[in-house]
Amino acid sequence: MATYVVLFNWTEQGIKNYKDSTDRAEAARKQWGESGIQITDLYWTIGPYDLVGLVEAPDDESLTRVLRALGAQGNVRTTTLRAFGAEEFAQLT
């Protein structure tokens, strides 16, 4: 499984419904899990991003599908970073 850092920003709609954020996150965990994608950690943050998630997915395409569907709901926009652990990175050099 590949690891990703997903940076989330609430849209106007999302910030209006911020109180539902934890419920929406739990629904995403369940729905994404059915697609073989795990949200391993999720943090609500202060700064330029509203949430930061650590996600494991089988491939870029699978994660892109769920993030596109999430974005279509209108609550968040995302920026995604592919992350490599030390062992994975060492194999790339």
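None of the figures in this text is laboratory data; all of them are computed from the coordinates on show. Being a predicted model, the structure only gives us computed values, none of them experimental. Neighbour counts run over all protein chains shown; Cβ positions are idealised from the backbone, glycine included.
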GNM of the chain, Cα pairs under 10 angstrom: of 33, 47, 74, the biggest fluctuation goes to 47
In the neighbourhood of residue 74 defined by beta carbon distances under 14 Å, the net charge of the other residues (Lys, Arg +1; Asp, Glu -1) is +2
For the chain, longest principal axis from Cα atoms; helix 60-72 axis from its Cα atoms; angle between them, nearest 10 degrees, is 10 degrees
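Would you compute, from DSSP H runs of 4+ residues alone, the mean residue ellipticity of the chain at 222 nm, taking -39500 (n - 2.57) per run and dividing by the full residue count, rounded to the nearest 500?
Values: 4 runs with 39 residues, N = 93.
Taken over the chain, the calculation gives -12000 deg cm²/dmol.
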The chain, Gaussian network, Cα under 10 Å: of 67, 81, 51, the residue fluctuating most is 81
In degrees, nearest 10, the alpha-carbon axis of helix 21-34 is tilted away from the dominant principal axis of the alpha carbons of the chain by 40 degrees
For the chain, averaging the sequence separation of alpha carbon pairs under 8 Å that lie six or more residues apart and dividing by its residue count, the contact order in percent is 47 percent
Counting every C-alpha pair in the chain, the percent lying more than 23 Å apart is 23 percent
In a Gaussian network model of the chain with springs linking alpha carbons closer than 10 Å, the residue among 37, 15, 46 that fluctuates most is 46
